[in-house]
Amino acid sequence: MKYIVPVFLSALLAGEAVSAPVCPTHIKIDLFSESESGAWESYAHYSSETGTMVLPNNQCEKVSWFDYQSPDASGSYTQLQKPQWVNKASPITFGHQNSREGDFWGTITITMTWQPDDHSRIKESHPYLTNNEIKRFAPSDSQPPAKTCVFYIAASGPAKPVTDKAEFHGAQCDWSVTKEGIYTLKAK
C-alpha cells in the first residue's frame, strides 16, 4: 500500500507534464523598454517569407500571421498584425514559427514606436487600438515625430543570422543575442 500513493502521484504529475501547453518556436525575441515613461507600440512584420509570430508566454497567441484567401493561388494572402505594448514594467517575448515549407531564409522587422503616458493610459482600457486610433482620444497638442526603433532580423543561410537596427527621432535602440540564441531588443 505504501508504494501505491507514490506511483499514483508520479503518474498524475507525469500526465500533467505531458498535457502542459506547448508553444514551439524557431527563434524567440525579447522586447524591453528602457524608457521611464510611456510605452512602445510594437509590431512584427514579415518581409520575404511567411510565418507566424506568437506570444509563447501567452498560450501561443498570434501577433503577426497570414490569412490565405486561396491556398492554391500564390500571392493570395494578407498579413495581419496586432500591436503589442511594451513598457518598463511589462516586457514581452515574441516567438517566430516557420511556415510549413519555411526555412527562415527570410526577413522579419520589429518596429517599436514610443508613445507618451497619456497614450499608455488610453491603451490600458483599449488594448487593441492602433496609434492612429488612440490619437482620436488623446489631446491634440502638436508633437514631434515619435521615437522609433526598427530591428531587422534575417538569415543568409541556416544558422547564419543577419541582424541590424535603425534609430529615428532620438530613439536609442540596442540588440543582442544570448548564448541560447534568444534575441534581446531594447528601446529607449
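The values are calculated or read from the model by the stated rules, or taken from the named source; none is laboratory data. Here the structure is a predicted model, which is why all the values come from computation and not from measurement. Don't worry about glycine lacking a Cβ; one is built from the backbone with ideal geometry, like all the others, and counts go over all protein chains shown. Side chains are part of the model used for accessible areas, which takes the heavy atoms of the whole protein and leaves out ligands, DNA and RNA. Shrake-Rupley method; radii C 1.70, N 1.55, O 1.52, S 1.80 Å.
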Can you tell me which residue in the range 81-92 is modelled with the highest pLDDT, limited to those that are open to solvent by 40 Å² or more (accessible area, probe 1.4 Å) and not in a strand (DSSP E or B)?
-> 91
Just a yes or no: is a residue in the range 41-48 within 12 Å of the chain's Cα centre (by Cα), farther than 24 Å from residue 178 by Cβ and surrounded by fewer than 17 Cβ atoms within 10 Å (Cβ to Cβ)?
-> no
Among the residues of the range 61-77 satisfying the criterion of being open to solvent by less than 60 Å² (accessible area, probe 1.4 Å) and at pLDDT 80 or above, which is farthest from residue 22 (Cα to Cα)?
-> 66
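Would you mind stating whether residue 107 is open to solvent by less than 60 Å² (accessible area, probe 1.4 Å), at pLDDT 95 or above and under 20 Å from residue 183 (Cα atoms)?
No; evaluated as a whole, the condition is false for this residue.
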Selection over the range 148-163 where residues are open to solvent by 30 Å² or more (accessible area, probe 1.4 Å) and out of contact with any strand residue (DSSP E or B) (no Cβ under 6 Å at 6 or more places or on another chain) yields a count of 3
Output the residues belonging to the range 164-175 that are in contact with a Ser or Thr (Cβ under 9 Å, 6 or more places away or on another chain) and open to solvent by less than 70 Å² (accessible area, probe 1.4 Å).
-> 166, 171, 173
